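The values are calculated or read from the model by the stated rules, or taken from the named source; none is laboratory data. In this text, all values refer to a predicted model and were calculated from it rather than measured experimentally. Here Cβ is always computed from backbone atoms with ideal geometry, including for glycine, and neighbour counts include all displayed protein chains.
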Amino acid sequence: MKQYIIALVALLTLAIVPSALAMTVTVNDASSEPLSVGIGETLNIRVTDYASVNYSNVVITAEFAYNGKKVSVESAPFEMVAGINYVKTLNLKVPENIKTTAPGDRYVLTVRMQDNRGREIDSQVFDVMVQRANNIIQIQNVIATYAKSGEPLLVTVVAKNTGSNDIDDVYVKVSIPKLGISTEERLGDISAKDKGDDEDVATADIPLRIPEDAEDGTYSLKVELYNQDDDIESTATKDIVIDGVTPAEKFVEVVSAMQTQDVEQGQTATYSLRVANLGDSTKTFSVFVEGTDGWATYQINPLVVTLAPETGQTITVAVTVANSALAGEHKFSVKVKSDDSAKSLDLAANVKEKTFGVDALLISVIVLAIVLVILIAILVKTRKSGDEGIEAEESYY
């Protein structure tokens, strides 16, 4: 009898206590199968789980198997504590080169949870159908890596129709926004399905002329696909290197030991700047100041400097603040310019209200004393005149 009671208690315990793990999975908000997904689509896989026991270093893996191949993604390891609900999200992209499933065929998506020893805690399997969307076009490849200023850059663009419909009047536009240049060409009509002769692929070689004054550097090349109905579009970018002219700023350098100075109204702040010729030939530089109108005047010494290659010279800029200048920070810039280069340096003057020193106070005291002396003299003279009038009146009587 006792054994029966123990067995009954055990059965009741199993019925009341939840299982070690209760995992539910949704893919793009769907929890039932078969799932329908598109070529190149990113699957949002949401895993919700509850544990009644602790697990260490748990990893969730999503694996998509197709045509003997596999792609997968996994979560970062995490600790599961009994009595806590967990929600993890994985993003898995359907391959671009995958074939659509034939009628009755399915691919397999497996979501698996494992512990730190690789033992499976729980799993869920989905049958997946891969279908084409109606109007989708993709840029499969962009070939362009190097160019010279003043010469055309040949850009090869490979486009593929990955949708279920034929797409008419496809155009491609290539541009380098930083240089303000662009050109476009018609790719033509692109079929929806590959029948063995790449009817769903179109290729174009597009020349893009680089300006003669384009500077050395790496630029972003932008490629855009679209059609006249504006119901398709695809964009890609690629870095290209341009062998161009040397940027002007590489010919000259201007530095200042102190870029901000405190200065009172009516006073002068002097800035010491070092100008260096970084070029390979002798250059003459002119010095200008901009941004002092209305609050200061300036003097530059010297106004013009001639420097041999890899040499420098110190110049001074004296900024005299007007008595009426508002207190606070005033910004200005010093520009050093030659025939083929220019460089600006931003400076600032922190204007303070004028304070009166000892000399000004002494002058004020002297002026006040003089005024008092004058007032006293006037009072004495007035009193004296009054006394004389009284004496004359007494003599009359």
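Does Val81 meet the test of being modelled with pLDDT of 90 or more and touching a strand residue (DSSP E or B) at 6+ places or on another chain (Cβ under 6 Å)?
So Val81 fails the test.
Pick out the one residue from Ile121, Ile136, Ile143, Ile167 that is touching a Leu at 6+ places or on another chain (Cβ under 6 Å), more than 17 Å from Val27 (Cβ to Cβ) and either at pLDDT below 90 or not polar (S, T, N, Q) (or both).
Of Ile121, Ile136, Ile143, Ile167, the one residue that is touching a Leu at 6+ places or on another chain (Cβ under 6 Å), more than 17 Å from Val27 (Cβ to Cβ) and either at pLDDT below 90 or not polar (S, T, N, Q) (or both) is Ile121.
Do we have any residue at all in the range 139-161 that's part of a loop (DSSP other than H, G, I, E, B) and under 21 Å from Gly38 (Cα atoms)?
Within the range 139-161, not a single residue is part of a loop (DSSP other than H, G, I, E, B) and under 21 Å from Gly38 (Cα atoms).
Please tell me if Ala192 is modelled with pLDDT under 90, farther than 30 Å from Met23 by Cβ and in the same structural domain as Glu74 (by TED's automatic domain parsing).
no
Report every pair of residues separated by at least 6 positions or lying on different chains whose Cβ atoms are under 7 Å apart, first residue within the range 276-300 and under 18 Å from Glu253 (Cβ atoms) and loosely packed, with under 13 Cβ neighbours inside 10 Å, second of a type in the set (Gly, Ala, Ser) and at pLDDT below 90.
Once the first residue is under 18 Å from Glu253 (Cβ atoms) and loosely packed, with under 13 Cβ neighbours inside 10 Å and sits in the range 276-300, its partners that are of a type in the set (Gly, Ala, Ser) and at pLDDT below 90 give Thr284/Ser338.
Output the residues belonging to the range 1-30 that are assigned to a loop (DSSP other than H, G, I, E, B) and at pLDDT 85 or above.
Asn28, Asp29
Name the residues in the range 201-218 that are under 21 Å from Ser341 (Cβ atoms) and small (Gly, Ala, Ser), would you?
Selection gives Ala214, Gly217.
For the range 263-296, how many residues are closer than 12 Å to Ala349 by Cα, polar (S, T, N, Q) and under 38 Å from the mean Cα position of the chain (by Cα)?
Looking only at that region, the number is 2.
Of the conditions (1) of a type outside the set (Asp, Glu); (2) loosely packed, with under 14 Cβ neighbours inside 10 Å; (3) closer than 29 Å to Thr235 by Cα; (4) without any contact (Cβ under 8 Å) to a residue 40 or more places away in the chain, Val71 clears all except one; give me its number.
All conditions are met except number (2).
Take Leu372 and decide whether it is over 27 Å from Asp213 (Cα atoms), free of Cβ contacts under 8 Å to residues at least 24 places away in the same chain and either exposed (fewer than 12 other Cβ atoms within 10 Å of the Cβ) or within 40 Å of the chain's Cα centre (by Cα) (or both).
Considered against the rule, which asks whether it is over 27 Å from Asp213 (Cα atoms), free of Cβ contacts under 8 Å to residues at least 24 places away in the same chain and either exposed (fewer than 12 other Cβ atoms within 10 Å of the Cβ) or within 40 Å of the chain's Cα centre (by Cα) (or both), Leu372 comes out as yes.
One line per residue, one yes/no per condition, for (1) under 17 Å from Gln261 (Cα atoms); (2) in a loop (DSSP other than H, G, I, E, B); (3) of a type in the set (Val, Ile, Thr); (4) touching a strand residue (DSSP E or B) at 6+ places or on another chain (Cβ under 9 Å):
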position: Tyr271; (1), (2), (3), (4): yes, no, no, yes
position: Phe285; (1), (2), (3), (4): no, no, no, yes
position: Phe288; (1), (2), (3), (4): no, no, no, yes
position: Thr297; (1), (2), (3), (4): yes, no, yes, yes
position: Val305; (1), (2), (3), (4): no, no, yes, yes
position: Glu310; (1), (2), (3), (4): no, yes, no, yes
position: Gln313; (1), (2), (3), (4): no, no, no, yes
position: Val317; (1), (2), (3), (4): yes, no, yes, yes
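Determine if the range 337-349 includes at least one residue that is touching a His at 6+ places or on another chain (Cβ under 9 Å) and farther than 30 Å from Asp213 by Cα.
There is at least one residue in the range 337-349 that is touching a His at 6+ places or on another chain (Cβ under 9 Å) and farther than 30 Å from Asp213 by Cα.
Run Pro103 past the list (1) over 18 Å from Ser36 (Cα atoms); (2) surrounded by fewer than 11 Cβ atoms within 10 Å (Cβ to Cβ); (3) at pLDDT below 90; (4) not small (Gly, Ala, Ser) and report the number of the one that doesn't hold.
Condition (1) is where Pro103 drops out.
Would you mention how many residues in the range 89-129 are under 16 Å from Ile45 (Cβ atoms) and of a type in the set (Val, Ile, Thr)?
7
Determine which member of the set Ile167, Ile181 is assigned by TED's automatic domain parsing to the domain that holds Tyr226 and either under 21 Å from Ile210 (Cα atoms) or in contact with a helix residue (DSSP H, G or I) (Cβ under 9 Å, 6 or more places away or on another chain) (or both).
Answer to the selection: Ile181.
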